[in-house]
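Okay, so here's the structure we're looking at.
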Amino acid sequence: MGKKTNANYVWTERKRTIFGLPLSFTVYKLTEEKLMIETGFLSKKEEEIRLYRVMDLTLNRSLGQRIFGLGTIHCCTGDKSTPEFDIKRIKNSQSVKEMLSDMVEKQREAKRVVGREFMDDDSDHDDF
């Protein structure tokens, strides 16, 4: 049996470089359940993040990025190997962030993952 090569990607994009051109060796691929970040030219690395593990998304757009219609989405996850990562300098960043946010919620509901606020054990507690 051969490898499955035809994945159903909801969105794909290359990290953009100077002047918003896609001259990078970083490719982002999004399916219904996971985000893959492929980097490298000669030596390739592919990170895979399950969407239900994403806890927070933040859109950052510097002046230079706004001029070229780009943005960077910062992601915080519950994944030990990839607790934080950036989807750097992509086109249509606002709509991609909204789509990703909706897909994360859908996966969290499907997997019955409940969001938890992490509390520090050394925080002050009122004892009654």
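Among the conditions (1) among the aromatic types (Phe, Trp, Tyr); (2) surrounded by fewer than 17 Cβ atoms within 10 Å (Cβ to Cβ); (3) out of contact with any Phe, Trp or Tyr (no Cβ under 7 Å at 6 or more places or on another chain), Tyr52 misses just one, which is (2). So which residues in the range 37-55 are aromatic (Phe, Trp, Tyr) and at pLDDT 95 or above? Hit for the range 37-55 is Tyr52, nothing else.
Looking at (1) outside any strand (DSSP E or B); (2) in contact with a helix residue (DSSP H, G or I) (Cβ under 7 Å, 6 or more places away or on another chain); (3) not charged (D, E, K, R), which is the only condition Leu23 fails? Condition not satisfied by Leu23: (2).
Matching residues to (1) at pLDDT 90 or above; (2) not in a helix (DSSP H, G or I):
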position	(1), (2)
Phe85	yes, yes
Arg89	yes, yes
Met103	yes, no
Arg108	yes, no
Asp120	no, yes
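Considering only the range 34-67, state which residues are out of contact with any strand residue (DSSP E or B) (no Cβ under 7 Å at 6 or more places or on another chain) and charged (D, E, K, R). The one that is out of contact with any strand residue (DSSP E or B) (no Cβ under 7 Å at 6 or more places or on another chain) and charged (D, E, K, R): Arg66.
Results for (1) polar (S, T, N, Q); (2) surrounded by fewer than 16 Cβ atoms within 10 Å (Cβ to Cβ); (3) closer than 27 Å to Leu21 by Cα, shown as yes or no for each residue.
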site: Asn60; (1), (2), (3): yes, yes, yes
site: Gly64; (1), (2), (3): no, yes, yes
site: Cys75; (1), (2), (3): no, no, yes
site: Asp79; (1), (2), (3): no, no, no
site: Phe85; (1), (2), (3): no, no, yes
site: Lys88; (1), (2), (3): no, no, yes
site: Leu100; (1), (2), (3): no, no, yes
site: Lys106; (1), (2), (3): no, yes, no
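Let's see how each residue does on (1) on the phi > 0 side of the Ramachandran plot; (2) in contact (Cβ under 8 Å) with a residue 40 or more places away in the chain:
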site: Thr39; (1), (2): no, no
site: Ser43; (1), (2): no, no
site: Leu59; (1), (2): no, no
site: Gln65; (1), (2): no, no
site: Leu70; (1), (2): no, yes
site: Ile73; (1), (2): no, no
site: Ser81; (1), (2): no, no
site: Glu84; (1), (2): no, no
site: Arg89; (1), (2): yes, yes
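Contact list please: Cβ distance under 6 Å, first residue in the range 12-32 and within 20 Å of Glu98 (Cβ to Cβ), second residue polar (S, T, N, Q) and buried (at least 16 other Cβ atoms within 10 Å of the Cβ), pairs at least six apart or on different chains. Close Cβ pairs satisfying both conditions: Lys15/Thr26.
The values are calculated or read from the model by the stated rules, or taken from the named source; none is laboratory data. These numbers come from a predicted model, not from an experiment. Note that each Cβ is placed from the backbone with ideal geometry, even for glycine, and that neighbours are counted across all protein chains shown.
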